[in-house]
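K.L.:
To start, I am sharing the structure in question, which I have written as structure tokens.
The values are calculated or read from the model by the stated rules, or taken from the named source; none is laboratory data. A quick note: this is a predicted structure, and the numbers were derived from the prediction, not measured. Backbone-built Cβ (ideal geometry, glycine too); neighbour counts: all protein chains shown. Note: areas computed on protein heavy atoms with side chains; ligands, DNA, RNA excluded. Shrake-Rupley method; radii C 1.70, N 1.55, O 1.52, S 1.80 Å.
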Amino acid sequence: MLVKEMPISSVWRVRLPVFAAIVAVSSTVAVAQSSDLPANPSPNPSSVSNPYFGSVTLHPATDEVMKLSLDDAVQRGLTNNLGLKQAEQNERAVHGELYEAVQSFLPTIDVTGGTGYNEYNLAAYGFSSSVLHNIAGQFPGEDFSNFSLITRADVTTGRINYQQTIFSGPVISGYKAARAAEKSAYFGKESARGEVVQQVATAYLAVIAYASDVENAKALMDADKVLLDQAHDKHEAGTVANLDELRARVQYQQQQQKVVASEAKRDKAEILLKREIGIAPGQKVELIDPAPYNELVARTPEDLRTEAYSNRQDYQNLQAQQVEARMILSARKAERFPTLSFKGNYGVTAVSTVGSHGTFSAVGTVSVPIFQEGTLRGDKDVALAQLQGISQQLGELRGRIDQQVRSALLDVQAAQQLVEVARSNVDLASRALSDETDRFNAGLDDTLPLVRAQATLSSAQTNLVQSLYQFNQSKLVLARSTGVLEQQYRTYLGR
């Protein structure tokens, strides 16, 4: 039967949902991107809902500050990330199933042996008194009157058994299906590696962005403190009203709140990054790579789509699954064919007082299924449905890749323009604040226009940080959409 000779059929039914989930997760993340910096970097993400949020943490936290570059973070993620570990274990399990499929081609040889004391009742084997009387007639002069029907003997046996399937269509197709399943598992693991690179790089960039927010907030807080001191001195001198000092104090305290909130967001994003790359949450780290900015070389959607078809691991994974399904269908059809097998053994049996003698057997078997039409048709229909489902998914994925590449390219182009505008806004806001500061120091304006100028600069700096984060994230998504993220993330980010 096929179930015994081709165990890969059970592997197909179990393995298919696993890799479908991997493909779904990877393709979903490949097109997911935020239009701006997350408002809350830590909505308590858990490895239960997404294994890429977890990792295997091997070392406890120390008092030393760990300097962490983007490359270091990515390598740690590829070594410790829980999602990738699960994909690697799944590949190892499928590789083990391939060994089982290979065994169907190989001969099975085993050796058995034993010794023991045996007592036999010859009457139970048909040696009655009449039989003994007849035997006695063949041996004149021999006395069988005292012959006992209960005999005892020491018996020692040794035997070597050989069994091999010479031809079986299901076995041949099952082995090919196992090879395709192994290739599919490999591409599933490679897709998981790309997922890890994207998750870790995005988390690293998020920490940088939140750290920039903290620096901007602190700089504005220091400026507000200077203005507060100046307003207080002028109020004490009687040159400005108390209202100006109150405005400056309110602005300073509001900026203090922004600093506290920004630091909390940065710390949460940092904890999430450490969880993804296998660093203890309590370990102190210092990110040594600044926010990168690098313009990409102009590419057409057609070039990127062709590159994606050649490099996307989820696309190659689905192609391997299609081959696997085709081999499963072939194996189901081959269940109707005869199966030829061979069995043989050779042994030696030694009986006390009698001696030893060798025995052997050689049996060739041809097995032809008869009256199994319901099972055969059912197996074939199930395999055909699986193949058609995979083929439909493959056709849909080709269109989805085209859509993802085009969308990611548009996002990169739009984000780059946003960065340019945001930089220009920061320059203009800085000049406006400088002019307004001079007017305030000269006594031409009160604190209200100055506070507004500071708020405008703060908003412009925040928009610049968000635009840089969005631009780098969109480049990561584009690299993931074309299937080259792990190999070229440095090029895309300008490291």
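K.L.:
Look through Asp314, Asp411 and report the one residue that is at pLDDT below 90, crowded, with 20+ Cβ neighbours inside 10 Å, touching a helix residue (DSSP H, G or I) at 6+ places or on another chain (Cβ under 6 Å) and not aromatic (Phe, Trp, Tyr).
P.N.:
On inspection, the qualifying residue turns out to be Asp314.
K.L.:
Something else now. Name the pairs: first residue in segment 103-130 and of a type in the set (A, V, I, L, M), second residue at pLDDT below 90 and surrounded by 10 or more Cβ atoms within 10 Å (Cβ to Cβ), Cβ to Cβ under 7 Å, at least 6 apart or on different chains?
P.N.:
Leu122/Leu149; Leu122/Thr151; Ala123/Leu149
K.L.:
Inspect segment 281-290 for any residue being out of contact with any Gly (no Cβ under 6 Å at 6 or more places or on another chain) and more than 30 Å from Gln487 (Cα to Cα) and give the result as yes or no.
P.N.:
There is at least one residue in segment 281-290 that is out of contact with any Gly (no Cβ under 6 Å at 6 or more places or on another chain) and more than 30 Å from Gln487 (Cα to Cα).
K.L.:
To continue, here is another question. State which residue pairs qualify: first residue open to solvent by 40 Å² or more (accessible area, probe 1.4 Å) and inside segment 441-456, second residue part of a loop (DSSP other than H, G, I, E, B) in any location, beta carbons under 9 Å apart, and separation of 6 or more residues or different chains.
P.N.:
Every condition considered, the pairs that remain are Gly443/Thr239; Gly443/Val240; Asp446/Val240; Asp446/Ala241.
K.L.:
Checking Asn425 against (1) under 30 Å from Gln461 (Cβ atoms); (2) under 41 Å from the mean Cα position of the chain (by Cα), which single condition isn't satisfied?
P.N.:
Condition (2) is where Asn425 drops out.
Table: residues versus (1) within 30 Å of Val297 (Cα to Cα); (2) hydroxyl-bearing (Ser, Thr, Tyr); (3) not in a strand (DSSP E or B).
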residue: Tyr346; (1), (2), (3): no, yes, no
residue: Val363; (1), (2), (3): no, no, no
residue: Ile370; (1), (2), (3): no, no, yes
residue: Leu376; (1), (2), (3): no, no, yes
residue: Ser391; (1), (2), (3): no, yes, yes
residue: Leu397; (1), (2), (3): yes, no, yes
residue: Val405; (1), (2), (3): yes, no, yes
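K.L.:
Please verify whether segment 243-261 includes one or more residues that are outside any helix (DSSP H, G or I) and in contact (Cβ under 8 Å) with a residue 24 or more places away in the chain.
P.N.:
Among the residues of segment 243-261, not one is outside any helix (DSSP H, G or I) and in contact (Cβ under 8 Å) with a residue 24 or more places away in the chain, which makes the answer no.
K.L.:
Moving to a separate point now. Just a yes or no: is a residue in segment 100-110 in contact with a Pro (Cβ under 9 Å, 6 or more places away or on another chain), in a helix (DSSP H, G or I), modelled with pLDDT under 90 and open to solvent by less than 50 Å² (accessible area, probe 1.4 Å)?
P.N.:
yes
K.L.:
Working only within segment 35-68, note down all residues that are open to solvent by less than 20 Å² (accessible area, probe 1.4 Å) and at pLDDT 90 or above.
P.N.:
Leu68, the sole residue that qualifies.
K.L.:
A further question on this structure: Would you check which residues across segment 145-165 are of a type in the set (A, V, I, L, M, F, W, C) and surrounded by 13 or more Cβ atoms within 10 Å (Cβ to Cβ) and list them?
P.N.:
Once the filter is applied, which keeps residues that are of a type in the set (A, V, I, L, M, F, W, C) and surrounded by 13 or more Cβ atoms within 10 Å (Cβ to Cβ), segment 145-165 yields Phe147, Leu149, Ala153, Val155, Ile160.
K.L.:
Another question, then. In segment 72-92, which residues are under 20 Å from Tyr489 (Cα atoms), open to solvent by 30 Å² or more (accessible area, probe 1.4 Å) and touching a residue at least 12 places away in the same chain (Cβ under 8 Å)?
P.N.:
Matches in segment 72-92: Arg76, Thr79.
K.L.:
Only one of (1) in a helix (DSSP H, G or I); (2) surrounded by fewer than 20 Cβ atoms within 10 Å (Cβ to Cβ) is not met by Ala460, so which one is it?
P.N.:
Of everything listed in (1) in a helix (DSSP H, G or I); (2) surrounded by fewer than 20 Cβ atoms within 10 Å (Cβ to Cβ), Ala460 misses just condition (2).
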